[in-house]
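What follows is a single structure, written as structure tokens, with notes after it.
Since every read-out is calculated from the coordinates, none of them should be taken as a lab result. Predicted, not measured: the structure shown is a model, and the values here were computed from it. Cβ sites come from the backbone with ideal geometry, for glycine too, and all protein chains shown count toward neighbours.
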Amino acid sequence: MSRGFRANASGSVVAWALLAATTLAGTGSASAYTVYVTNEKGNSVSVIDSETLAVTGTWKVGRRPRGVTTSKDGKELFVCASDDDRIDVLDTSTGKVVRSLRSGPDPEQFILGPTGNLLYVANEDDSQVTVIDVEKNKVMAEVPVGVEPEGMGLSPDGKILVNTSETTNMAHFIDTTTFQVIDNVLVDARPRFAEFTADGKFLWVSAEVGGTVSIIDVAARRVVKKITFKIPSVNDEAIQPVGIRITKDGSKAFVALGPANRIAVIDAKTHTVEKYLPVGQRVWQLAFTPDQKLLFSTNGSSNDISVVDVAAEKVVKSIPVGLLPWGVAVSPN
Amino acid sequence: MLASTRSPLAPLALALGLGGPWCLPAAAQEPARSAEAAAPAPAATETRVGLIYRPEPAPSSYDAEAAPEDEGVAGARMAIKDNNTTGRFTKQTYTLDEIALDATKSAVEAARELVGRGIKFLVLALPADEVLTVADAVKGEGVTVFNTAAPDDRLRGADCRRNVFHVVPSRAMQTDALAQFFTLMRWRKMFLIIGPQDGDRLYAEAFRNSARKFNLKITAEKPWTFGPLAKARGDTPTRSEAMVFTRGVDYDLAIVADEANDWGDYVPFRTVDPRPVAGTQGLIATTWHPTLETWGAAQAQNRFRRQAGRLMRPLDYQAWAAVRSIGEAATQKKTVDPAVLAPYFADPAFSLPAYKGVSLTYRPWDHQLRQPVIVVQPKAMVSVAPEQGFTHQRTPLDTLGIDLPETACKFP
């Protein structure tokens, strides 16, 4: 596995040079976003320029940073400091922690509401979802869910929040006006991530141990399709789907497959797996640039991130970051 | 903060609305309209799980690493809480009836008492003989027994019982896990040192079988005749005869068979030739370790430490996996009916996610839980078996322990 990965990394220099000359040259500085990667065991955030693909800084944060997202205007970065039971808020112009939010115990993943104020947090050790008013730093609600809540998805209209619980193996549907669980859908073992399609009609949920991605009809709240994966020369047990991203036009989905060290590229309409992109080891979370030209993956065991050219469906570079990269977010501008 | 106004461990408190005005109980919700609930919603049902264990005798005051009184029990309690958290959404509740055996009560009496209360699931943290007497005493009463502590291969072989499921890895699985790691490391020559107790003899037998299976060479075997020197600790000087008995042996690795932890820890650093030590001490094969943190194990470690106030031990994990098997089967079958669940544990469709990176299943031919086995030294994870490269037509997990063609188990 590592051999395949290295060959890819060294071969990517040429590919990247070509890509830089053809794809990115024409787009100018408009495509220069900032990429933030949480390093779970480095207690830091690596900062990367999406145009030069160079690490421009490493910021200190609380212990065991995992979930990460930016404010709507990109001026603030939110980082789950799981072992410090808080969410650190960083000023992206200085890289300093300016305040911390009371997140409840062991925050792992979160998602920001459409207005940019309410933050929905999965408290992994505490079987609940905490809703935080970011401006007032106030807990608005605590919603009891299953054991080890993890994945957080929000419908495009912001009305339905979905949390997946890893040991209960359910997707919990939460009404964001009443903060009540309105339904639960059983999925495969150890659901890690929930992602709505842009039209809000379907929800994709990855199951790490089950090795599948369930597609849930949001209106009917039932599983309509299960995607499975098969990679020659990779043990089925090593195929552990985690992060999911779907393009805005609904054409392609990318699924990180954990210790299979691959990202699956899926036709999001027919649900067929088209190819597997070899990336670093234990690939975990994914994030697009806002223009969706690039996709970044965190590779926990090889301490790097992979950069995917979305249109070409090719890995163009790997970038060393800190210890055990976990989450990734890209600035909106 | 709201979280501080209640116990983080009390789902019922949440359901009763004790979490404060903003805390809205999900248990009050109908699980309506989900694909699962499209069938008639199950009535709220309580499942009682019986646990029988024998507490360790109180340790000497100077024993720094004594087994805690609630070893195993604390794991079962955590699994009951986990089952109840999930049960909020499936309308299932679980309770644990614990019986600690003392001189006045036998395991069979305890089992009869629990079954008399209507209990259909028994979790045992008992030696092999008592597992058998309990299994036979409750035969025909629709009771499923989970063995969490007895690694004896005969319980999965000639003495297997249809109503017993084994969560603890057999000795064969433990020694196969070590043998695979030694093969990977190209350590071939083994010096087997065997303690005086029955378990030690059985462990040595399992190791001999693993050596044959994985082509390792046992270059010498000697009995341990120097008593429980490890338990004597630092207050006795190193005994010279115990050192020199390793002289003149050609070996890569010393394998100690000491299941009672009496002397195995005395061997490392005292052999004449500098050689690593493995087996029941030194490098060991087990189910759980404080340094296991991948595959979500960190969450289980944290949850357990908060609930029990100590580190999770292998027996805690095994009791947890037994009780979670019941909860998981009930979630998957959407019923807690013991008549439905009992045959389902051995169904290939059953699976238990249990912090090992793969779903665990029970082998249909002997009811042993298939599972990766971790190889650890006292302060670090070293490896996980099955090792890379050991393949099997069914699953690599079946390279550990007794496979279908070799099994001596014939369910009556």
Those aspartates and glutamates that a straight Cα-Cα span of less than 13 Å connects to A:Lys75, excepting residues fewer than 8 apart in one chain: A:Asp91
With each pseudo-label sitting 7 Å past Cα toward Cβ, what's the B:Phe411-B:Ala349 distance in nm, one decimal? 1.6
Using DSSP to call loops (not H, G, I, E or B), can you name the trypsin sites (Lys or Arg not before Pro) in the range A:74-183 whose Cβ has at most 11 other Cβ atoms within 10 angstrom? A:Lys136
Only helical DSSP H runs with n ≥ 4 go in: add -39500 (n - 2.57) per run for chain A, normalise by residue count and round the 222 nm mean residue ellipticity to 500 deg cm²/dmol. -2000 deg cm²/dmol
Pairing the Cα long axis of helix B:128-137 with the longest principal axis of chain B, what angle in degrees results, from 0 to 90 and rounded to the nearest 10? 30
Rounded, prolate or oblate: pick one for the range A:101-187, where a ≥ b ≥ c are the square roots of the eigenvalues of its C-alpha gyration tensor, a/c under 1.5 means rounded, and failing that, prolate if a/b is larger than b/c, else oblate. oblate
Within the range B:258-274, whose backbone N sits under 11 Å from a point 7 Å along Cα→Cβ of B:Met243? B:270-273
Longest principal axis of chain B (C-alpha) makes with the long axis of helix B:314-333 (C-alpha) an angle, in degrees to the nearest 10, of 40
Using 18 Å as the cut-off for backbone N distance, which residues of the range A:64-79 belong to the label zone defined by a point 7 Å from the Cα of A:Ala32 along Cα→Cβ? A:74-75
Choice from A:Glu313, A:Glu195, A:Glu150 showing the highest fluctuation, given a GNM over chain A with Cα pairs closer than 10 Å: A:Glu313
Simple spin-label estimate for B:Asp136 and B:Arg270 in nanometres, 7 Å along Cα-Cβ: 4.0
Using a cut-off of 13 Å between alpha-carbon atoms, which aspartates and glutamates can reach A:Lys269, once sequence neighbours fewer than 8 places away in the same chain are excluded? A:Asp199, A:Asp249
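Would you mind putting B:340-350, A:317-327, A:117-127 in packing order, based on average other-beta-carbon counts within 10 Å, highest first?
Ranked from most to least packed, the peptides come out as A:117-127, A:317-327, B:340-350.
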Under the rule a/c < 1.5 gives rounded, and otherwise a/b versus b/c splits prolate from oblate, where does chain A land using the Cα gyration tensor? oblate
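Where does chain B land at 222 nm, in deg cm²/dmol rounded to the nearest 500, when only DSSP H runs of n ≥ 4 count, each adding -39500 (n - 2.57), divided by all residues?
Helix contribution divided over all residues of chain B: -9000 deg cm²/dmol.
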For chain B, set up a Gaussian network in which alpha carbons nearer than 10 Å are linked by springs, and say which option among B:His392, B:His166, B:His367 fluctuates the most. B:His392
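Listed here are the pairs B:Lys120/B:Lys333; B:Lys213/B:Lys333; A:Lys136/A:Lys252; which of them are more than 27 Å apart at the Cα? Walk me through the numbers on the way to the answer.
Numbers: B:Lys120/B:Lys333 17 Å; B:Lys213/B:Lys333 38 Å; A:Lys136/A:Lys252 38 Å.
From the list (B:Lys120/B:Lys333; B:Lys213/B:Lys333; A:Lys136/A:Lys252), the Cα-Cα distance tops 27 Å for B:Lys213/B:Lys333; A:Lys136/A:Lys252.
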Beyond a 19 Å Cα-Cα separation, which of these cross-linked pairs lie in this structure: A:Lys201/A:Lys225; A:Lys72/A:Lys201; A:Lys201/A:Lys248? A:Lys72/A:Lys201
Rounding to the nearest 10 and keeping the result within 0 to 90°, find how far the Cα-based axis of helix B:198-213 lies from the longest principal axis of chain B. 80
Calculate the mean, over all residues of peptide A:143-151, of how many other protein chain Cβ atoms lie within 10 angstrom of the residue's Cβ. 6
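Mind checking the range B:46-137 for trypsin sites (Lys or Arg not before Pro) that DSSP puts in a loop (not H, G, I, E or B) and that have at most 15 other Cβ atoms within 10 Å?
The qualifying sites are B:Lys105, B:Arg117.
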Enter the mean number of other protein chain beta carbons within 10 Å of the beta carbon of each residue in B:82-91, as an integer. 6
Residue among A:Gly280, A:Gly250, A:Gly104 with the largest mean-square fluctuation in a Gaussian network model of chain A, springs linking Cα atoms under 10 Å: A:Gly250
Inter-label distance for B:Ala380 and A:Asn235, nm, one decimal - labels placed 7 Å from Cα along Cα-to-Cβ: 2.2
